[in-house]
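Novice: Below is one structure. I have some questions about it.
The values are calculated or read from the model by the stated rules, or taken from the named source; none is laboratory data. Given the structure is predicted, the values throughout are model-derived calculations rather than measurements. All Cβ positions, even for glycine, are placed from backbone atoms using ideal geometry, and neighbour counts span all protein chains on display.
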Amino acid sequence: MKIAVLSKMHIAGGSEMRTAELASAIRKYTKHESFLITSDSKIPDKVLARIDPNVEIIEDVFNKDKPLINRFYEMDCIVVINTDSQEFTKLDYWEGKMEAHQHVVDLSKIKQMVFLFNFIVSPARHLVGIKTKCKDVKILTTNKRFFDEISEKDKHECIKHFPRMVLESPIDPNSVSTEKTPSDKIRIGKHSKGMGSKWCMDHVPLILSINKNYENKVTWDFMGTSGELKGKLKDIPNVIMRDEFSVPVKEFLQNIDIMLFFIDFTRQEPFARVVAEGMASGCPIVATDVDGGNRMQVIDGNNGFLCANTNEFYEKLVYLINNPEMIKTMGKNSILQSKFISSEFIINKLMMFIGA
């Protein structure tokens, strides 16, 4: 079979990395041909580095001078990712009636389309239009909250009967290491893009509270910190701040013992790749207790803790600092849980779903 993964690829974010990993895993773990299709003219180098060399890349698929839309018709299945763009879910997009492009894709010639919703699921209701052309349309959601929302909300009545499944973000276990570098300090780390909602200002009172009694025992290591928070943390001596991706993720994770996933409490993370990588590297995860990915990835008290407020973050970190043997125990549990989101495991689920 020929299976294509399609997404926008203009930045090196979680969705783009997920696209690269899925396309690569199809090639690596199955007997099928794998393709990565994008409407963008160039894939970022950081994403390209994640793509298996045996995956055929089709860039700028709607280029007006050399349209490549006939490549769509070769495929036995097209997996569309990053559908929070809303464009991909609309029939008008595929029929060239939107600003994105003017090419008409005959969806009746495409055998199967699978749409993965990885940030919001509300655009899924538009798939009823695509279903009038392509007879085999299926839905993947990145977490159970999105999956349940389709059943629970009236606006999704028209698509509740579509085949659907939860498919977590795949992690290549070879992209991280479970070996930690030695240190006489407990290293609490976090890396993320420098968005305000991912670097809430409550980091400051948390760090100051921990440092009051444990400054000589801990080091804070942050990569990608937002500008405003940087200004507040720059004079705290045991805080390391790095630019985004200034250190390879594999190396960064080898040098931390606990992963802190302290984001704004109003932010519902669909399924955090950084958390999954932290799990695979053997870190216990201390994260916000919000629905979505966090509650799927972190089993409270087993491979980390879910915290409802800043005080709970303090209490759980203090517990781990005072009980370092639990850092190792929970870290091992994280590694175990990560096996169920490994690339091979996830791609086998996907293949059963699409009927390959």
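Novice: Please determine whether any residue of the range 332-351 is buried (at least 17 other Cβ atoms within 10 Å of the Cβ) and under 23 Å from Asn216 (Cα atoms).
Specialist: No, the range 332-351 contains no residue that is buried (at least 17 other Cβ atoms within 10 Å of the Cβ) and under 23 Å from Asn216 (Cα atoms).
Novice: Mind checking which residues of the range 165-220 are hydrophobic (A, V, I, L, M, F, W, C) and assigned to a helix (DSSP H, G or I)? Walk me through it before giving the result.
Specialist: At the first step, the residues of the range 165-220 found to be hydrophobic (A, V, I, L, M, F, W, C) are 165-167, 171, 176, 186, 188, 195, 199-201, 204, 206-208, 210, 218, 220.
Val204, Leu206, Ile207, Leu208, Ile210, listed by residue number.
Novice: Among the candidates Ser122, Ser151, single out the residue that is loosely packed, with under 15 Cβ neighbours inside 10 Å and either among the hydroxyl-bearing types (Ser, Thr, Tyr) or at pLDDT 95 or above (or both). First the steps, then the outcome.
Specialist: Values: Ser122 fails: loosely packed, with under 15 Cβ neighbours inside 10 Å.
After applying the criteria, what remains is Ser151.
Novice: Filter the range 247-305 down to residues that are more than 27 Å from Arg50 (Cα to Cα) and among the hydroxyl-bearing types (Ser, Thr, Tyr) and give me whichever is nearest to the chain's Cα centre (by Cα).
Specialist: Thr288
Residue-wise test of (1) assigned to a strand (DSSP E or B); (2) out of contact with any strand residue (DSSP E or B) (no Cβ under 6 Å at 6 or more places or on another chain); (3) aromatic (Phe, Trp, Tyr).
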{"residue": "Ile240", "(1), (2), (3)": "yes, no, no"}
{"residue": "Glu251", "(1), (2), (3)": "no, yes, no"}
{"residue": "Ile263", "(1), (2), (3)": "no, no, no"}
{"residue": "Arg267", "(1), (2), (3)": "no, yes, no"}
{"residue": "Phe271", "(1), (2), (3)": "no, yes, yes"}
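Novice: Of Lys66, Lys31, Lys46, which residue is among the basic types (Lys, Arg), within 28 Å of Pro270 (Cα to Cα) and exposed (fewer than 15 other Cβ atoms within 10 Å of the Cβ)?
Specialist: Working: Lys66 fails: within 28 Å of Pro270 (Cα to Cα); Lys31 fails: within 28 Å of Pro270 (Cα to Cα).
After ruling out the rest, the residue left standing is Lys46.
Novice: Looking at Phe265, Phe313, Phe345 in this structure, which one is more than 24 Å from Ser15 (Cβ to Cβ) and among the aromatic types (Phe, Trp, Tyr)?
Specialist: Details: Phe265 fails: more than 24 Å from Ser15 (Cβ to Cβ); Phe345 fails: more than 24 Å from Ser15 (Cβ to Cβ).
It is Phe313.
Novice: Residues that are within 17 Å of Pro163 (Cβ to Cβ), at least 3 per element: which helices (runs of 4 or more DSSP H) completely within the range 43-144 meet that?
Specialist: Numbers: elements: 45-48, 91-94, 127-131.
So the answer is 127-131.
Novice: Tell me, which residue of the range 192-224 that is charged (D, E, K, R) and out of contact with any Lys or Arg (no Cβ under 8 Å at 6 or more places or on another chain) is surrounded by the fewest Cβ atoms within 10 Å (Cβ to Cβ)? Give the steps one after another, and end with the answer.
Specialist: Applying the first criterion (charged (D, E, K, R)) to the range 192-224 yields 193, 198, 202, 212, 215, 217, 221.
Checking the rest, the ones that are also out of contact with any Lys or Arg (no Cβ under 8 Å at 6 or more places or on another chain) come to 193, 202, 212, 215.
Numbers: Lys193: 15, Asp202: 16, Lys212: 8, Glu215: 14.
Among them, the one singled out is Lys212.
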